[in-house]
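The values are calculated or read from the model by the stated rules, or taken from the named source; none is laboratory data. Just so it is clear, the model here is predicted, and its values are computed rather than measured. Here the Cβ positions follow ideal geometry from the backbone for every residue, glycine too, while neighbour counts run over all protein chains shown. Note: accessible area is taken over every heavy atom of the protein model, side chains too, but ligands, DNA and RNA are not part of it. Shrake-Rupley method; radii C 1.70, N 1.55, O 1.52, S 1.80 Å.
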Amino acid sequence: MLVFPGTAVASLPPLAHPTARERARSHPEPSDVQLDAAPINACIDAALAESAVGARLDTRALADLAQELTGHLARLLPLASARYRATSARDRDPVLGHWIGYLQRRLAVEPPDAHANPASALAWVQESARYARQTLTLVLAEETAEQRHAGVTRR
């Protein structure tokens, strides 16, 4: 930052760096959150049932689906992230970590305007529905006997 002689420099507050313990407290544990999968699955099914072939798209319904899917993904993503962090570093799939990061960046951007560009909004809604289904599967997945056995033998 350039400072010219005779000018005052505004002091900025120090940057806050959260500790690992504070970061861990800010993310819910998957077992702490009650999750009802029925409304999420109903939204996903409705989004994947939309079709642009030979039909006029209902832009209001697309906008509502986009908003609903964004909410479901925002709720599922911290749970998936917590589940990913709960695995030992040796067992983590790096692709899954990148995928979670991509979804976090995707949620930071507004979905396309369904009224201005319905085809783009439909593509966004259907892609988000697939991501929501994958994330829901990850969150609800039970640990298999093989995974439990592998975890016991590595301790």
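Quick notes on this one:
- The stretch 42-53 - residue that is under 12 Å from ALA123 (Cα atoms) and either in contact with a helix residue (DSSP H, G or I) (Cβ under 8 Å, 6 or more places away or on another chain) or open to solvent by less than 40 Å² (accessible area, probe 1.4 Å) (or both) and, of those, modelled with the lowest pLDDT: ALA52
- Residue tally, condition of a type in the set (A, V, I, L, M), in a helix (DSSP H, G or I) and either modelled with pLDDT under 80 or more than 18 Å from ASP93 (Cβ to Cβ) (or both), over the stretch 111-155: 10
- The selection criterion, being open to solvent by 60 Å² or more (accessible area, probe 1.4 Å) and part of a helix (DSSP H, G or I), does not hold for ASP91.
- Residue match in the stretch 55-73 (condition: at pLDDT 90 or above, of a type in the set (Lys, Arg) and under 19 Å from the mean Cα position of the chain (by Cα)): no
- Exclusive hit being open to solvent by 60 Å² or more (accessible area, probe 1.4 Å), modelled with pLDDT under 85 and part of a loop (DSSP other than H, G, I, E, B), set SER11, SER31: SER11
- Conditions (1) in a helix (DSSP H, G or I); (2) at pLDDT 70 or above; (3) open to solvent by 60 Å² or more (accessible area, probe 1.4 Å); (4) over 30 Å from PRO118 (Cβ atoms); number of the one not met by ALA82: (3)
- Inter-residue pairs, beta-carbon under 7 Å, first closer than 16 Å to CYS43 by Cβ and in the stretch 67-94, second outside any helix (DSSP H, G or I), 6+ apart: THR70/PRO111
- Members of the stretch 57-79 that are over 15 Å from PRO112 (Cβ atoms) and in contact with a His (Cβ under 6 Å, 6 or more places away or on another chain): PRO78
- Going through (1) exposed (fewer than 11 other Cβ atoms within 10 Å of the Cβ); (2) assigned to a helix (DSSP H, G or I); (3) free of Cβ contacts under 8 Å to residues at least 40 places away in the same chain one by one, ARG56 falls short only on (2).
- ILE100, sole failed condition from (1) surrounded by fewer than 16 Cβ atoms within 10 Å (Cβ to Cβ); (2) β-branched (Val, Ile, Thr); (3) touching a helix residue (DSSP H, G or I) at 6+ places or on another chain (Cβ under 8 Å): (1)
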